[in-house]
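What follows is one structure encoded as structure tokens, with my remarks underneath.
The values are calculated or read from the model by the stated rules, or taken from the named source; none is laboratory data. The structure displayed is predicted, hence computed values, not measured ones. Cβ atoms come from the backbone with ideal geometry, glycine included; neighbour counts cover every protein chain shown.
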């Protein structure tokens, strides 16, 4: 792998804030932190293309007491078995559940699945976390 060095001009206050952030996150160097920022932008671009195969997680919080909600969520997951790789169900307390669903497929399909699950009546909170298969990153 070839490495290219380049310079960046920043205001001193911005650089000081960046240095504090990378120390807090435990980066070994500014270069590592900048590489991660670039990779994150590339992953975001991957998701915006809609047709790239990608991965992510759908996180749901809901009350299992809501009538037919658990059945509806399970049915929807079965309808999309080709995109859902795994699901983990956690009992948070006597009433609330956390479900984490690992998904893989075209970005537009995953977003549609997430929107449908998150928008289901009775879901208290939901979030789609986007990432990459890693195939295009070094």
Item to complete: Give the residues of the range 89-124 that are farther than 29 Å from residue 45 by Cβ and under 18 Å from the mean Cα position of the chain (by Cα), sorted by residue number.
Response: 89, 98
Discussion item. Regarding the range 48-63, can at least one residue be identified that is at pLDDT below 95, over 20 Å from residue 132 (Cα atoms) and touching a helix residue (DSSP H, G or I) at 6+ places or on another chain (Cβ under 6 Å)?
Written reply: no
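Kindly establish whether residue 90 is in the same structural domain as residue 124 (by TED's automatic domain parsing), touching a residue at least 40 places away in the same chain (Cβ under 8 Å), under 18 Å from residue 126 (Cβ atoms) and surrounded by 10 or more Cβ atoms within 10 Å (Cβ to Cβ).
Working: in the same structural domain as residue 124 (by TED's automatic domain parsing): yes; touching a residue at least 40 places away in the same chain (Cβ under 8 Å): no; under 18 Å from residue 126 (Cβ atoms): yes; surrounded by 10 or more Cβ atoms within 10 Å (Cβ to Cβ): yes.
No: the conditions fail for residue 90.
I need the full set of residues from the range 93-116 which are over 21 Å from residue 52 (Cβ atoms) and surrounded by 16 or more Cβ atoms within 10 Å (Cβ to Cβ), in order please. Break it down stepwise before answering.
At the first step, the residues of the range 93-116 found to be over 21 Å from residue 52 (Cβ atoms) are 93-100.
Selection gives 97, 99.
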Worksheet item: Of these, 30, 39, 23, which one is surrounded by fewer than 16 Cβ atoms within 10 Å (Cβ to Cβ) and under 20 Å from residue 129 (Cα atoms)?
Response: 39
